[in-house]
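Throughout, read-outs are computed from the coordinates displayed, never taken from laboratory work. Please read all numbers here as calculations on a predicted model, not as lab measurements. All Cβ positions, glycine included, derive from the backbone under ideal geometry; neighbour counts span all protein chains shown.
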Amino acid sequence: MSNLKKPTVKRVRQALTDAGLNDAVIELDETARTAEDAAKATNSELGAIVKSLVFIIGEEPVLALVAGDHKCVPENLPRALNLEGEVRKTDADMVKAATGFSIGGVAPVGLALDLPVVIDVSLKRFDTIYAAAGHPHCVFPTTVNELKRLTGGIVSYNIAEPV
């Protein structure tokens, strides 16, 4: 069965269609489980890959969308999202519960929960960026402005720094 037919990928495809976009999900021959893998598989720069990272602030899960060549600065997330509380990393079970996706395929759309989203401004360096589409072998091309519209996310200057 094609990965495009998997329920998690179909959920992403539907979210894109519901937002008035073309279903542009790409099934890759190679894995895109990591940002490095995704850059290689899409023949793009590492920074053009969107890493979807889930954290907990207080008791609330949040999603940080960070450029592949940057690392998240978790302690800056509460201010960027106007939330209060201690920031904690999540485990695979919490990622799955909050997003409906497994690590390696966490899409920024079609989420299980309505999560606060913050977007790394450094992604704006690229005309096209690639985000996971619900499976480690599926991605979709997008832009920062489109990602902002799709997720309701806040673009921030201080949630990530170069690796």
Compute the relative contact order of the range 81-151 as a whole-number percentage, counting only Cα pairs closer than 8 Å that sit 6 or more residues apart in sequence.
27 percent
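Add +1 for every Lys or Arg and -1 for every Asp or Glu among the other residues with Cβ under 14 Å from the Cβ of residue 20, and state the total. Present the calculation step by step, with values, prior to reporting the outcome.
Values: positive: 13, 149; negative: 18, 23, 146.
With Lys, Arg at +1 and Asp, Glu at -1, the net is -1.
What stretch of the chain, leaving out the sites themselves, is the longest with no GluC sites (Glu not before Pro) in a DSSP loop having at most 15 other Cβ atoms within 10 Å? Mind dumping the intermediate values first?
Values: sites that count: 30, 45, 59, 84, 86.
Result for the longest clean stretch: 87-163.
Rg over Rh of the chain, using C-alpha atoms and the Kirkwood radius, what does it come to? Spell out each step's value before the answer.
Details: Rg = 14.4 Å, Rh = 15.4 Å.
Over the Cα atoms of the chain, Rg/Rh equals 0.93.
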Per DSSP H run of at least 4 residues, take -39500 (n - 2.57); add these up for the chain, divide by its residues and hand me the 222 nm value, nearest 500 deg cm²/dmol.
-7000 deg cm²/dmol
Starting from the Cα of residue 24, step 7 Å along the direction of its Cβ; do the same at residue 36; then give the gap between the two resulting points in nm.
2.8 nm
Residue (of 141, 26, 110) at the positive-pole extreme of the range 17-163, dipole from beta-carbon charges
141
Take the alpha-carbon positions of the range 12-55, form their convex hull, and give its projected area averaged over all directions (one quarter of the hull surface) in nm².
4.0 nm²
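So, R0 is 25 Å and r is the distance between the beta-carbons of residue 112 and residue 43; what FRET efficiency does that work out to, to 0.05?
Numbers: r = 31 Å, r/R0 = 1.24.
Computed FRET efficiency for residue 112 and residue 43 comes out at 0.20.
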In straight Cα distance, which aspartates and glutamates are under 17 Å from residue 71, not counting same-chain residues fewer than 8 positions off?
36, 37, 45, 120, 161
Order these by the 10 Å Cβ neighbour count, fewest first: 2, 156, 102.
2, 102, 156
Among all the lysines, which ones have a C-alpha under 26 Å from residue 6's C-alpha, if same-chain residues fewer than 8 places away are not counted?
40, 51, 96, 148
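So what is the relative contact order of the range 3-162, in percent, for Cα pairs below 8 Å that sit 6 or more residues apart? Kindly include the intermediate steps, with their values, before the conclusion.
Details: 350 pairs, mean separation 45.1, N = 160.
Normalised by residue count, the contact order of the range 3-162 is 28 percent.
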Both in Å, the radius of gyration and Dmax of the C-alpha trace of the range 85-134 are 12.4, 35
